[in-house]
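The structure appears right after this line, and notes come after that.
The values are calculated or read from the model by the stated rules, or taken from the named source; none is laboratory data. No experiment lies behind these values; they were computed from the predicted model shown. Ideal geometry is used to build each Cβ from the backbone, glycine not excepted, and the neighbour counts take in all protein chains shown. Quick note on the areas: whole protein, heavy atoms, side chains included, nothing else; ligands and nucleic acids left out. Shrake-Rupley method; radii C 1.70, N 1.55, O 1.52, S 1.80 Å.
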Amino acid sequence: EKGEHKHFMAKEIFEQPTVSAYALGHYLNAERTAVRGEAADIPFDEADRAVLVACGTAHYACHVAKYWFERLARLPVEIDVASEFRYREPPLSRRDVAVFVSQSGETADTLAALRHARPQVRMAAAVVNVPESSIAREADLAMPILAGPEIGVASTKAFTNQLITLAAMAIAAGRRRGALDAEAEARLVGALSELPRLMAEALRRAPEIEAAAARIAQARDVLYLGRGPMYPLALEGALKLKEISYIHAEGYASGELKHGPIALVDPQTPTVVMAPRDALFDKTVSNMQEVMARGGRIVLITDAAGAEAAGEGAERVIRMPDCDPFVAPILYALPAQLLAYHAAALLGKDVDQPRNLAKSVTVE
Ligand code: M6R
């Protein structure tokens, strides 16, 4: 039941501090120094490549994971949406590990992609929320995300638990491939284990986010920008907004702004910038200035140092708690979800059952 919340989506957003702890408890050791469980069982040391396949929000989780696998494990990663992957008939080999990510475990395209790839690869693993699902049953190894039932059509807590599971896999891959030592693993695992606390703190920003959503709700179009692992978050933020509020939104890599989307910027088109203060932050600030110079209004989601460094100019600043840059794509999912939720709720939309959408897409 929804309890104190008006919608299942809100309930599920607010469950993230709790359910993230379930996934962390499963994939991290009790001392919070190492990855354990199925995440550590995948033979990434015998692989030349990881192929990550999913649809929708689960695909964006894979897109974030690509950054982690490449950086932490020096493992080349290919990502694709399931509907494209299978019809492309991509060359696969026994040196590939394939990973299929699906909340429901019943998405027809993802299941078909798994059936296509499994006989050709070293291992076909599934990352699922429903352990008795078809995708879990048919994979060589099923990894639960432990988010509990997700009712809202817009995926929220499943996304962050998919990310936690994929992060644990990327760390384990780094260890097996000799790209991370025990100390580096302990640091990354320590950063992950902070998430329940950080998420609870981020959710306390809900009133500020609701105020920013009032502006978003008036727009016809919204741009989302992010760099590095925050780029897939921009894609996910835009998907969430369009699914439940029916406002047109697009996510871009910040550096792509001047290659086209900047033509859309005007005072009526808000730009949501998702940027913790990291090595790429200064470049993002100059992208923001380009938007502001054209009369664009900015909602900046950042941390205290980012808010300070960005200076004046952003119409709204949503301050996230300070976190290790490794976990920022997980933490910053929460304000993106809340922004979409409040915009849709303010517009009186059917948040849990948006028009034209089904919770699980079992036809191709
Ligand atoms: O059950 P799955 O994770 O396989 O579903 C994949 C997509 O259909 C799903 O993530 C969809 O994009 C959501 N409605 C996003 O909020």
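Scanning the range 218-264 for residues that are among the acidic types (Asp, Glu) and closer than 22 Å to GLN162 by Cα yields GLU236, GLU243.
So, in the range 249-292, exactly how many residues are in a strand (DSSP E or B) and either in contact (Cβ under 8 Å) with a residue 40 or more places away in the chain or surrounded by fewer than 17 Cβ atoms within 10 Å (Cβ to Cβ) (or both)?
4
Inclusion of LYS349 among residues that are assigned to a helix (DSSP H, G or I) and either touching a helix residue (DSSP H, G or I) at 6+ places or on another chain (Cβ under 9 Å) or of a type in the set (A, V, I, L, M, F, W, C) (or both) is not warranted. Among the residues making up the range 314-330, those that are buried (at least 21 other Cβ atoms within 10 Å of the Cβ) and in contact with a Gly (Cβ under 9 Å, 6 or more places away or on another chain) are MET320, PRO329.
Residues that are in a loop (DSSP other than H, G, I, E, B) and open to solvent by 10 Å² or more (accessible area, probe 1.4 Å) within the range 132-176 comprise GLU132, ALA139, ASP140, LEU146, GLY148, PRO149, GLU150, ILE151, VAL153, SER155, listed in sequence order.
On inspection, LEU188 fails the criterion of being crowded, with 19+ Cβ neighbours inside 10 Å and either within 16 Å of ARG297 (Cβ to Cβ) or free of Cβ contacts under 8 Å to residues at least 60 places away in the same chain (or both). The number of residues in the range 87-111 being more than 14 Å from the ligand (Cβ to nearest atom) and in a helix (DSSP H, G or I) comes to 2.
Residues that are under 25 Å from HIS7 (Cα atoms), open to solvent by 10 Å² or more (accessible area, probe 1.4 Å) and under 16 Å from the mean Cα position of the chain (by Cα) do not occur anywhere in the range 293-310. Entry remark, the range 217-244: residues being in contact with a strand residue (DSSP E or B) (Cβ under 6 Å, 6 or more places away or on another chain), assigned to a helix (DSSP H, G or I) and either open to solvent by less than 40 Å² (accessible area, probe 1.4 Å) or aromatic (Phe, Trp, Tyr) (or both) number 8 in total.
For the range 57-74, the criterion of being surrounded by 18 or more Cβ atoms within 10 Å (Cβ to Cβ), without any contact (Cβ under 8 Å) to a residue 60 or more places away in the chain, within 16 Å of the ligand (Cβ to nearest atom) and not aromatic (Phe, Trp, Tyr) is met by at least one residue. With respect to being away from the ligand (no atom under 16 Å from the Cβ) and touching a helix residue (DSSP H, G or I) at 6+ places or on another chain (Cβ under 7 Å), PRO261 falls outside the description. Scanning the range 112-131 for residues being open to solvent by 30 Å² or more (accessible area, probe 1.4 Å), more than 9 Å from the ligand (Cβ to nearest atom) and under 30 Å from LEU241 (Cα atoms) gives a total of 1. Among the residues making up the range 26-40, those that are touching a residue at least 40 places away in the same chain (Cβ under 8 Å) and not polar (S, T, N, Q) are HIS26, TYR27, LEU28, ARG32, ALA34, VAL35, GLY37, GLU38, ALA39, ALA40.
Could you run through the range 9-23 and say how many residues are over 16 Å from LEU188 (Cα atoms) and open to solvent by 30 Å² or more (accessible area, probe 1.4 Å)?
5
Test LEU198 against the criterion of being surrounded by fewer than 24 Cβ atoms within 10 Å (Cβ to Cβ) and not in a loop (DSSP other than H, G, I, E, B), and give yes or no. Answer is yes for this residue.
So which residues in the range 24-42 are of a type outside the set (Lys, Arg) and open to solvent by 10 Å² or more (accessible area, probe 1.4 Å)? If you could, list the steps in order and put the result at the bottom.
At the first step, the residues of the range 24-42 found to be of a type outside the set (Lys, Arg) are 24-31, 33-35, 37-42.
Within the range 24-42, GLY25, HIS26, ASN29, ALA30, GLU31, THR33, ALA34, VAL35, GLY37, GLU38, ALA40, ASP41 qualify.
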